[in-house]
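Rule-based calculations on the coordinates, nothing more; no lab input. Note that the structure is predicted; figures quoted are calculated from it, not measured. Cβ atoms come from the backbone with ideal geometry, glycine included; neighbour counts cover every protein chain shown.
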Amino acid sequence: MLNVLKPPQKPIISKGCSQTRSGFLEKITTSIASNNEAEIFAAQELRHRVFVKEFGAKVSFKDNNKNIERDRFDRYCDHLILIDKWSKKCNDTPEIVGTMRLMQSGVARKSIGFYCATEYYLEKLTTQYEKSLEVGRACVDKHYRGNTAIHFLWLGLAEYVMLRKITLIFGVASFQGTDISKYSSALTFLSNNFSAPKNLNFRAKESGYVNMNIVPLNLLDRVLALSQMPSLLKAYLRMGGLVGDGAFVDTKFNTIDVGLMVNTDSLNNKYKDYYDRSVKKT
């Protein structure tokens with residue numbers, strides 16, 4: 001197993017979110033589970049609950065029997081986890097209620113590449129930015145969903161990015177199901193307002209490519225478009241995210257994926273100031 005990633009010595013503690021219910025700040029923390037097999041397994045269990053049981057993704061018979069979702073990229077990645085310290089599982093360990101999978105460009109180049117490369121052309125994108133980070137398999141337990149949980153995950157991700165001087169974040173955000181018509185307003189809105197520069201050739205591959213310009217602009221309902229977007233995608237946009245050319249229909253995962261990229265220089269001041277303060281305290 002390739003083991004070139006070193007997690008921070010301290011867990012990443014995210015505090016100061018104004019959108020929290022009473023007690024949420026004290027019980028939630030984020031951390032990196034790179035070398036902790038039990039925590040990685042728990043993250044894969046969460047992914048199974050969300051992607052397989054809720055979204056209808058297909059996994060191997062063996063993994064389905066174990067109630068986990070994993071693939072060949074997992075062993076090369078860091079796993080950012082959101083932990084509820086007050087909620088204990090049957091073995092008295094804290095419950096993992098959110099996760100993101102992180103692949104650094106240096107590791108990808110030395111091993112098996114990026115997962116996103118199975119759906120999008122990344123050559124120009126990843127060569128233009130020397131230190132990039134792929135974010136994938138992001139999910140939150142259904143009992144913790146909402147702006148607060150996503151906010152905490154992104155705070156943990158941001159500290160990871162700042163500590164490692166990452167210049168580009170990219171990945172895909174998924175719409176549940178493969179019926180394009182259900183999300184036509186959202187896809188059209190994204191394509192016409194948040195498109196990445198054409199020179200990056202950040203384009204969905206032909207095997208699953210779908211043109212995102214579906215609704216005539218004079219008929220586009222912005223409120224409807226925003227209501228169709230998943231929380232993860234909105235989080236990318238709040239951080240200055242841009243979308244690739246075309247969506248990708250992933251029949252195995254039963255999703256419509258939209259490629260997203262964030263130049264870390266474009267992080268809004270609210271987040272960046274918080275990240276800088278967090279790094280100085282570590």
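Among Asp63, Asp74, rank each residue by its count of other Cβ atoms within 10 Å, from fewest to most, as a rough exposure measure.
By the 10 Å Cβ count, ascending, the order reads Asp63, Asp74.
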Open item on the list: Kirkwood hydrodynamic radius, computed over distinct alpha-carbon pairs, for the stretch 34-87: how many Å, to one decimal?
Closed with: 11.8
Open item on the list: Could you check the spin-label model distance between Ser111 and Thr251? Points 7 Å from the Cα along Cα→Cβ, value in nm.
Closed with: 2.9
Open item on the list: In Å and on Cα atoms, what radius of gyration and Dmax does the stretch 215-259 show?
Closed with: 12.1, 35
Task: Of every Cα-Cα pair in the stretch 24-281, the percent that sits beyond 29 Å - done: 28
Task: Approximate spin-label separation Asn36-Asn201, in nm, with each point projected 7 Å along Cα-to-Cβ - done: 4.2
Task: Rounded to whole Hz, the Karplus (6.51, -1.76, 1.60) HN-Hα couplings of the stretch 191-197, x for glycine and proline - done: 5, 8, 10, 9, 6, 6, x
TODO: Subtract the Cα-Cα distance of Arg222 and Lys182 from 0.36 nm times their separation in residues, and report this length gain in nm to one decimal.
DONE: 12.9 nm
Open item on the list: With the crude spin-label approximation of a point 7 Å out along Cα→Cβ, what separation in nm comes out for Lys131 versus Lys27?
Closed with: 3.7
